[in-house]
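Have a look at the structure below before the remarks.
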Amino acid sequence: MNDTVHDIVNDTADDTKTRPTRRIRGRGERGPLASAALHVTLLIASAVAVLPPLWLLITSFKPQSEAFSTDVVKDFTLGNYAHVVNDTEFLSWVGNSLLVVGLTTVIGVFISATTGYAVSRFRFPGMRPLMWLLLITQMFPVAVLIVPLYNLLASLGLLNQPIGLVVTYLTIAVPFCAWMMKGYFDTIPVEIDEAGRVDGLNPFGTFWRLIMPLAKPGLAVTGFYSFITGWAEVAYASAFMTGEENLTLAGGLQTFVNQYTSDWGSLTASAVIVAVPAAVIFGFVQRHLVGGLTAGATKS
């Protein structure tokens, strides 16, 4: 009996040694097929995202006669860029856009930061209706607001004026950014404000000297959103500004392709030039974007 048990134990041990060990996959670990499918999907998504701007760049170096050619570049030319800069009001559009975008960004960041801080730290009558009002304004599409805003700007004498565009862009940027800044300020400990008051700072001094330096990620997102709002917006810029010399870049690009003419070379060249500042600004603030956008999602 003992010999039989001993033989069974030895046979089991031998089987354990010769049997290949199977690796147990972790709960969150992907298999080979799932990993391959994921990588293929990411490659396809990357190609879909990169192909349009890449083709835009390629087309900007083609002559007008080859704009719709599927060839990469047969006759490389910089004539489209030279035509845009020298023969159009492009430089005026750049100046108008810089003025509008600069004012929109500076004023938008200041109003959003002060509004978000006030709602985060203080309790006052009408606070909740104010936040709901800021939220409700985001529900209206741009097309619905063009006519009432046009009539309002006309009554104030702000049509065809850069300040009119600044005001309309602030109505887009400030509500969203104020909500976002409130969420970010909620993550900053209130004890910092109390320490500032103990040191003799008034509320604005506490906000400006103590809280603002800690809110750089939120401010970066606010500034970037305000910049993109003014830099890339088309509907308001086309409706409220007339005359080629008064257009912004977004409105000016429409003059190259309309029901009468189709200058695709100039359109693609100017679009590439317009995209460069946005890409540069994004490169400067991108390390703050994730932290600024996710701030307030969880509270410690």
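In table form, for the structure just shown:
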| read-out | value |
| --- | --- |
| Some residue of the range 200-220 being surrounded by fewer than 18 Cβ atoms within 10 Å (Cβ to Cβ) and closer than 16 Å to SER97 by Cβ | no |
| Top-ranked residue of the range 238-253 - restricted to ones that are among the small types (Gly, Ala, Ser) and in a helix (DSSP H, G or I), ranked as nearest to ASN80 (Cα to Cα) | GLY252 |
| Residue under evaluation LEU159, criteria (1) within 17 Å of TYR236 (Cα to Cα); (2) touching a residue at least 24 places away in the same chain (Cβ under 8 Å); (3) open to solvent by 40 Å² or more (accessible area, probe 1.4 Å); (4) not in a loop (DSSP other than H, G, I, E, B), criterion not met | (4) |
| Residue within the range 254-271 that is surrounded by fewer than 16 Cβ atoms within 10 Å (Cβ to Cβ), in a helix (DSSP H, G or I) and either more than 17 Å from the chain's Cα centre (by Cα) or not β-branched (Val, Ile, Thr) (or both) present | yes |
| Residues located in the range 189-221, provided they are without any contact (Cβ under 8 Å) to a residue 40 or more places away in the chain and outside any helix (DSSP H, G or I) | PRO189, ASP199, GLY200, LEU201, ASN202 |
| Filtered residue count, the range 118-136, keeping only those that are open to solvent by less than 50 Å² (accessible area, probe 1.4 Å) and in a helix (DSSP H, G or I) | 7 |
| Checking VAL174 against (1) open to solvent by less than 50 Å² (accessible area, probe 1.4 Å); (2) aliphatic (A, V, I, L, M); (3) at pLDDT below 90, the condition it does not meet | (3) |
| Boolean, THR115 is surrounded by 13 or more Cβ atoms within 10 Å (Cβ to Cβ), within 25 Å of the chain's Cα centre (by Cα) and farther than 30 Å from ASN246 by Cα | yes |
| Positions within the range 66-86 being assigned to a helix (DSSP H, G or I), closer than 16 Å to VAL257 by Cβ and open to solvent by 40 Å² or more (accessible area, probe 1.4 Å), in sequence order | HIS83 |
| Residue in the range 137-147 that is modelled with pLDDT under 85, out of contact with any Phe, Trp or Tyr (no Cβ under 8 Å at 6 or more places or on another chain) and surrounded by 13 or more Cβ atoms within 10 Å (Cβ to Cβ) present | yes |
| Hey, VAL106 modelled with pLDDT of 90 or more, part of a helix (DSSP H, G or I) and more than 30 Å from LEU57 (Cα to Cα) or not | yes |
| Meets criteria (open to solvent by 20 Å² or more (accessible area, probe 1.4 Å) and either outside any helix (DSSP H, G or I) or touching a helix residue (DSSP H, G or I) at 6+ places or on another chain (Cβ under 9 Å) (or both)) for PHE224 | yes |
| Tally, over the range 90-108, of residues that are open to solvent by 70 Å² or more (accessible area, probe 1.4 Å) and either among the charged types (D, E, K, R) or under 13 Å from SER270 (Cβ atoms) (or both) | 1 |
| Residues of the range 41-65 classified as among the hydroxyl-bearing types (Ser, Thr, Tyr), more than 22 Å from the chain's Cα centre (by Cα) and loosely packed, with under 13 Cβ neighbours inside 10 Å, total | 2 |
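The values are calculated or read from the model by the stated rules, or taken from the named source; none is laboratory data. Treat the numbers as computed from the prediction; the structure is a model and nothing was measured. Cβ sites come from the backbone with ideal geometry, for glycine too, and all protein chains shown count toward neighbours. Accessible surface areas use protein heavy atoms only, side chains included; no ligands, DNA or RNA. Shrake-Rupley method; radii C 1.70, N 1.55, O 1.52, S 1.80 Å.
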